[in-house]
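Quick notes on the structure that follows.
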Amino acid sequence: MGLVSGAAFAEFGHEVIIMDIDREKIEKLERGIVPIHEPGLERLLNKNTDRISYTTNMEEAVREAWVHFICVWTPPDLDGSADLSAVRAVARELGKQFAKLKVKTPIVVTKSTVPVGTGKMIQRMVRQSFKDECKIVSNPEFLRESQAVADMMRPDRIVIGSNDEEAAQTVADIYQGVKAPVVMTDLATAEMIKYAANAFLATKISFINEVANICELTGADVDKVAEGIGTDPRIGKAFLKAGMGYGGSCFPKDVRALHQFSNAEGYAFKLLKSVIEVNEQQRQMIVDKVNKHLKILNGKNILVLGLAFKAHTDDVRESGSIDIIGRLQSQGANISAYDPLALLNAKKVLNDLVIMVRDAHEGALGADAIIIATEWPEFKELEWAKIKTIMRKPLIIDGRNLLDPVAMRERGFVYEGVGR
Ligand code: UGA
């Protein structure tokens, strides 16, 4: 988020200093190596090298800048709440540097997803060392992994929240030239917009997953239901793809955090509790389908196709695939796995018992089942007829509704999707 935002701000014509405490990352960036997989990012950074500099030194970053964007991670704490220790550390350090360098009216902007009230907390932390005026703005990001550059350059909207109009306008000016509606509001509202957006999208996914489960019992087709309801502009087509539930570094954490901080405020957000439960259930249902066909999993060979939490990324954080692998292993299944991009990251979180294969064919040899866990388009193009001949049992559990059920059954597979 920080890197994409920085690259975009430079593209908008601003001088940008990118600061990180991770020396290795900064050194790589200085050498022109982009440490994350994000289409279009390398090109954008290369195009703007004369306006971007990198540092691990906070004093250097603060001295040169006027508007300071906080783009650190807010991982989930044990109780589901957002862990704000990185935000706090940055705010405290900013305060110290502002005081040391006698900075004039700095503006601190949160891009990180932070619970309502964090902006005010940042102000308090800065004030511990810096007694002069410091303005706080919330400018939440709505970037999707693998489409972050496009989302940043052509956003649906720009949300800017502050209790100080001038500071809000300064941040709005940074985006000058970007064609998007700007929602100007107060600090608390902007912080809430981010959570409400992610929670609503997650709700849509859990909703369609429950519809899928009823479709399965009644013989209806969830993909057609999604098409049928999605054409109503009040509903919209997006985020109605049934599957194994949502994953990634944002939805699971943000839904839990909104649920948790609602509770902390004395409000039980009942709908979100169900959204979380349905998501959990959806993953177990994939395992149940394998159980239904194979009965005992002990000693059975299962190939999992896809490890990333969604296609076109190498990110495996909160990936449904990784979760399901653990559930299958706990029943004694032998797992082999393949992903076009995420093998390296998956290796770091999976145990040694999972055999990483170089392609789907290698993993299909002697397999009792194949699970499609990430919707990589290339899985559609596999030589399925050939794969069937090398499997021990021709069972496909398609957790992403990627393949055509009729075509797969015609090829002789036992095929199960989600709600089809
Ligand atoms: C999400 C939001 O879409 C962004 O707008 C937001 O800025 C970002 O979180 C964030 O808070 O930083 P991202 O986590 O990259 O972006 O992934 P999504 O594309 O939203 O997908 C999330 C999960 O939902 C994935 O596991 C995906 O497979 C699943 N999904 C998505 C479905 O199961 N069905 C759908 O119809 C759509």
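Each reported figure results from applying straightforward, stated rules to the coordinates on display, with no laboratory input. Owing to the predicted nature of the structure, the values given are computational and were not obtained by experimental measurement. All Cβ positions, glycine included, derive from the backbone under ideal geometry; neighbour counts span all protein chains shown.
For the charge dipole of the chain, defined by +1 on Lys and Arg C-beta atoms and -1 on Asp and Glu C-beta atoms about the Cα centroid, which residue among 324, 62, 205 has the Cα displaced farthest towards the positive pole?
324
Describe numerically, in nm with one decimal, the distance between label points set 7 Å from Cα along Cα→Cβ at residue 78 and at residue 176.
5.0 nm
Residue 31 to residue 86: extension gain in nm, 0.36 nm per residue of separation minus the Cα-Cα distance?
17.2 nm
Only Cα pairs under 8 Å and at least 6 apart count here; give the relative contact order of the chain as a rounded whole percent.
On the way: 777 pairs, mean separation 49.1, N = 420.
That works out to 12 percent.
Simple spin-label model, 7 Å along Cα-to-Cβ: residue 47 to residue 220 in nm?
Label-label distance for residue 47 and residue 220, simple model: 4.5 nm.
For residue 24, project a label point 7 Å along Cα to C-beta. Then give me every residue of segment 345-359 with its amide nitrogen under 19 Å of that point.
Backbone N within reach: 345-350.
Hey, which lysines would be in cross-link range of residue 135, C-alpha to C-alpha under 19 Å, not counting anything within fewer than 8 residues on its own chain?
By straight Cα distance, residue 135 reaches 96, 100, 102, 104, 111, 120.
Among 390, 229, 105, whose Cα sits farthest toward the positive end of the charge dipole of the chain (+1 at Cβ of Lys/Arg, -1 at Cβ of Asp/Glu, about the Cα centre)?
Most positive-ward Cα: 390.
For labels at residue 264 and residue 169 in the simple 7 Å Cα→Cβ model, what's the distance in nm?
Placing both labels 7 Å along Cα→Cβ, they lie 3.4 nm apart.
Using the Cα centre of segment 2-185 as the reference point, and only Cβ charges (+1 on K/R, -1 on D/E), how large is the resulting charge dipole? Debye, rounded to the nearest 20. Walk me through the intermediate numbers first.
Numbers: 24 positive and 27 negative charges, 78 e Å.
Dipole about the Cα centre, nearest 20: 380 debye.
Per 0.36 nm of contour for each residue apart, how much would the distance between residue 388 and residue 348 grow if the chain were fully extended, relative to their Cα-Cα spacing?
Numbers: separation 40, 0.36 × 40 = 14.40 nm, distance 3.07 nm.
Gain in length upon complete extension: 11.3 nm.
Tell me what the chain gives for mean residue ellipticity at 222 nm when only DSSP H runs of n ≥ 4 count, each as -39,500 (n - 2.57), the sum divided by the residue total, rounded to 500 deg cm²/dmol.
-14000 deg cm²/dmol
Taking a ≥ b ≥ c as the square roots of the eigenvalues of the Cα gyration tensor of segment 152-194, is the shape rounded (a/c under 1.5), prolate (a/b larger than b/c) or oblate? Don't skip to the end; give the middle numbers.
Working: a/c = 2.81, a/b = 1.32, b/c = 2.13.
Cα axes put segment 152-194 in the oblate bin.
Could you list 267, 54, 246 in order of exposure, starting from the residue whose Cβ has the fewest other Cβ atoms within 10 Å?
Placing the least packed residue first, the sequence is 267, 54, 246.
Along the charge dipole of the chain, Cβ charges K/R +1 and D/E -1, which of 46, 117, 16 sits furthest on the positive end?
117
Give, as ranges by residue number, the residues of segment 362-385 whose backbone N falls under 15 Å from the point 7 Å along Cα→Cβ of residue 331.
Hits in segment 362-385 for residue 331 at 15 Å: 368-372.
Tell me, how many Å apart are the Cα centres for segment 389-415 and for segment 306-365?
19 Å
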